[in-house]
Amino acid sequence: MIKRQARLLQGNEAIVHGALAAGCNFFAGYPITPSSEIMELMSRELPVRGDVFIQMEDEIASLGACIGAGLAGRKAMTATSGPGFSLMQENFGYACMAETPVVVVNVMRAGPSTGMPTNVAQGDVQQARWGTHGDHPCIALCPSTVAECYELTVVAFNHAERFRTPVVLLSDEMVAHTREKVVLPHPEDVEVIDRRRPTVPPDWYVPYKTDGSLIPRLADLGEGYRYHVTGLTHDERGFPTRRLDEVQQFYTRLFAKISRQFHYLENVKDYYLDDCELLIIAYGCSARSARAAVRLGRERGLKVGLLQLLSLWPFPRRPVSEALNGKIAVLVPELNLGQLRREVLRVNDGRTAVIGLNKLDGTMITPEEILTRLRVIK
Amino acid sequence: MTVPSTQTVVYEWLRHDKKFPHVWCPGCGLGILLGALVRALAASGLTKDQVALVSGIGCAGRLPVYVDVGSIHTTHGRALTFATGIKLSKPELTVVVVMGDGDAMAIGGNHLIHAARRNLDLVAVVVNNRTFGMTGGQFSPTTPMGAKTTTALYGHIEPEFDIAAVCATAGAALVARSTVYHVDRLERLLLQALQKKGFSVVEVMSPCYTNFGRQNLMASHVVMMKQLKEQGIPVERWQKMSEIERRGSFPLGVLVDRDLPGYLDSYREVCKTAAKLRSEGKI
Ligand SMILES: Cc1ncc(C[n+]2csc(CCOP(=O)(O)OP(=O)(O)O)c2C)c(N)n1
Ligand code: SF4
């Protein structure tokens, strides 16, 4: 075993390392702060490997190119921030509908519109869920440290491949630009999942026919499996349909392939939950402050604990619900006006007090601010 | 090589499991283009597995589903971006992109000029029926001034884009134009585009009687066909005509054909340089 060296990396850099370890071999993007380092590093690394990097004319084009590449067998990724993420929404829905694996990194900055390009925010939590029109399933992951940037990027690719769906990695300006010491695993030690490809001869291939997994096998374009892909509702052959039975079956499967696997997609970490009376539920950069607040609070004799959410969508109902039991109160610190708190409230269903700590000024919530609020609650 | 009959080509290249009839109106030019395209594909010697057909949204966007190749019906205006991802991922595939004038020049205009500038080896077929057919005959960037449309009831007041000229200026390697009336020429130009290295554009003038002709008091699609016959002038003759004689007509044939460095070749060089610098420890 080769000894892995500790490295000093930025969150954005760790995303690139994670992506390459997961097998990313296609990147298309358009520059935007605070995500550009991802693209710049990709432009250095992918050509070295003979893989594809391209800077497109906008974010719509970037995601379009990634979806095309995904259908042609590539593991594709794009990275952007708020304004670009807004532009990507239509093609994001296309990837849901055509069941194309692709990873979209959104490094959140203060919005709406141009907002504060170099300031942190967490305002895109609900956009990640509902940004594209129409009801659709969604997977979104949210790192809070440089190490988690690496790990969750690998997970994002694995989910995209396994579920044949676009996956959002919701980072933020603070996590993106923080430098931390990380020990990256040896590439061989990284678990990498690849999409299931057809094993039958082309003549037998029915592109959207599924087995018990509800996830159809995806043939690479240009490998002899000639099939049709469309954003229209389609039948098992991929051909447009509006027949009630076919349409209903299609939508049911699209949701069920993900909702059936909620437990597999749940990703949380807990700190001091065993005897905790005051619970913090946090994610992304705010989870960093929350961790510090838990440490400080414990030193001061406060029975405080943290449930950190690494998967935001599908919302990890079960672990959140369990953590809510028997708590005096729950604090949800976030850099928006309560986008995740509303989800916690839905799960809470009146059991305990769910209190928000919200900020929109482009600065972090500090551990002291969290502790002050907890003391007031107590 | 014996030339296969049209029936053989149609049987070979159209999908048998796709439910016909197609979605287009009687008298629409899109069926003629479909025929010309599959004949050109057959004549090019490519097999069905070597071709991907990509389209945007609109009546023209419905063309690929009938052809028995890898076919991708994308989002409105974005077909070229998907095609770019496909071509870069699988350079050995021949990627043909079918778009309407609204698709290619309104919502997708930015992608069209950048694809032409980048000179990636794609074939763009732009069906210019001078209107938004699918959405009911609103004006498009190629609607002539003065025409009536469902959103220009009092006459259209904007000047029109010349799609071929835009692509030529943006840097496409091959730019050609035909009409669905001049179907032999259309087939030849499509074949030439398939064989051309670099970004090629074929603009196809096509009638939309349902949503353009009727609003502009044209008697029938036959009248619109006759108009295309008269308006389309072979470029060799067109060049010798005076400004006044050219009025109301447009040139047909190859308008631009030039050898330019292709994106894929240049990108391969980038990869070589990058690998070399890495092996020398310089990056
Ligand atoms: C983002 C978006 N905007 C608008 C539409 C509605 N729409 C569908 S087709 C079309 C225009 C089609 O015109 P054209 O591209 O010229 O193709 P044609 O139907 O004439 O072949 C429009 C505006 C859409 N599908 N997506
Ligand atoms: S509306 Fe126009 S373009 Fe569309 S199918 Fe009918 S004739 Fe053709």
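Is there a quick way to get the dipole size of region B:72-186? I mean about its Cα centre, with the Cβ of Lys and Arg at +1 and of Asp and Glu at -1; what is the value in debye to the nearest 20?
Working: 9 positive and 8 negative charges, 31 e Å.
The calculation lands at about 140 debye.
Antiparallel versus total DSSP beta bridges in region B:6-279: what percent is that, nearest 5? Let's see the in-between values first.
On the way: 7 of 36 bridges.
Beta bridges within region B:6-279, antiparallel portion: roughly 20 percent.
Under the definition of Cα pairs under 8 Å and six or more residues apart, what whole-number percent is the relative contact order of chain A?
Values: 813 pairs, mean separation 60.8, N = 378.
Once divided by the residue count of chain A, the mean separation gives 16 percent.
Which angle from 0 to 90°, rounded to the nearest 10, does the C-alpha axis of helix B:79-89 make with the longest principal axis of chain B?
20
Can you pull the mean other chain C-beta count within 10 Å for peptide A:222-235? Kindly include the intermediate steps, with their values, before the conclusion.
Values: counts 14, 4, 5, 2, 11, 5, 14, 9, 10, 6, 4, 0, 2, 1.
Averaged over the peptide's residues, the number is 6.
Loop only per DSSP, at most 15 neighbouring Cβ atoms within 10 Å: give me the trypsin sites (Lys or Arg not before Pro) in region A:172-224, ordered by residue number. Walk me through the intermediate numbers first.
On the way: sites: A:R179, A:K181, A:R195, A:R196, A:K209, A:R217; in loops: A:R195, A:R196, A:K209, A:R217.
Taking region A:172-224 and a limit of 15 other Cβ atoms within 10 Å, the loop trypsin sites (Lys or Arg not before Pro) found are A:R196, A:K209.
Just the number, please: Stokes-Einstein D of chain A in µm²/s, Kirkwood Rh from C-alpha pairs, 20 °C, 1.002 mPa s.
100
Quick one: compute a quarter of the convex hull surface over the Cα atoms of the protein assembly as shown and quote it in nm². Don't skip to the answer; put the middle values down first.
Numbers: hull surface 135.6 nm².
Across all orientations, the protein assembly as shown yields a mean hull projection of 33.9 nm².
Could you pull out the pairs from A:K75/B:K197; B:K87/B:K197; A:K269/A:K378; B:K48/B:K90; A:K209/B:K90 whose alpha carbons sit more than 21 Å apart here? Walk me through the numbers before you get to the answer.
Working: A:K75/B:K197 27 Å; B:K87/B:K197 13 Å; A:K269/A:K378 24 Å; B:K48/B:K90 15 Å; A:K209/B:K90 25 Å.
In this structure, A:K75/B:K197; A:K269/A:K378; A:K209/B:K90 lie more than 21 Å apart at Cα.
Quick one: Karplus J couplings for region A:275-285, per residue in order, coefficients 6.51, -1.76, 1.60, θ = phi - 60°, nearest Hz, x for Gly and Pro?
Along region A:275-285, the couplings run 10, 6, 9, 10, 9, 10, 10, 9, 8, x, 4 Hz.
Quick one: longest stretch of chain B between exposed loop GluC sites (Glu not before Pro), exposed meaning at most 12 other C-beta atoms within 10 Å and loop per DSSP? Before the final figure, lay out each step's value.
On the way: sites that count: B:E92, B:E280.
It runs B:93-279.
Charges only on Cβ, +1 for Lys and Arg, -1 for Asp and Glu: so what's the dipole of region B:1-125 about the Cα centre, in debye to the nearest 20? Before the final figure, lay out each step's value.
Values: 11 positive and 8 negative charges, 33 e Å.
Using only the charged Cβ atoms, the result is roughly 160 debye.
By how many degrees, 0 to 90 and rounded to 10, does the Cα axis of helix B:263-279 deviate from the longest principal axis of chain B?
The two axes meet at around 20 degrees.
From a point 7 Å beyond the Cα of A:Q5 in the direction of its Cβ, which residues of region A:169-207 have a backbone N at a distance under 16 Å?
Correct set: A:181-187.
In nm, to one decimal, how far is the A:H133 label point from the B:N110 one, both placed 7 Å along Cα→Cβ?
Label at A:H133, label at B:N110, 1.8 nm between them.
For B:M241 and B:L14, calculate 0.36 nm times their separation in residues minus their Cα-Cα distance, and state this gained length in nm to one decimal.
Values: separation 227, 0.36 × 227 = 81.72 nm, distance 4.11 nm.
Extending this stretch completely gives an extra 77.6 nm.
Could you compute the FRET efficiency for A:E299 and A:E369, with r as their C-beta to C-beta distance and R0 at 22 Å, rounded to 0.05?
Working: r = 17 Å, r/R0 = 0.77.
The calculated FRET efficiency here is 0.85.
Got a sec to turn the phi values of region A:53-64 into Karplus ³J(HN,Hα) couplings, 6.51 cos²θ - 1.76 cosθ + 1.60 with θ = phi - 60°, whole Hz, x for Gly and Pro?
10, 8, 8, 9, 7, 5, 6, 4, 5, 4, 5, x
Please give the helix A:36-48 orientation as an angle from the longest Cα principal axis of chain A, in degrees from 0 to 90, rounded to the nearest 10.
So the helix axis and the longest Cα principal axis differ by about 40 degrees.
For B:N128, which sequence-distant residues (separation of 5 or more, or a different chain) have an amide H within less than 5 Å of its own amide H, given hydrogens modelled in the peptide plane?
Residues meeting the amide H criterion: B:V204, B:M205, B:S206.
No value in this document is a laboratory result; all are computed from the given coordinates. What you see is a predicted model; the values in this text were computed from it and never measured. Please note: Cβ atoms are built from the backbone with ideal geometry, for glycine as well, and neighbour counts cover all protein chains shown.
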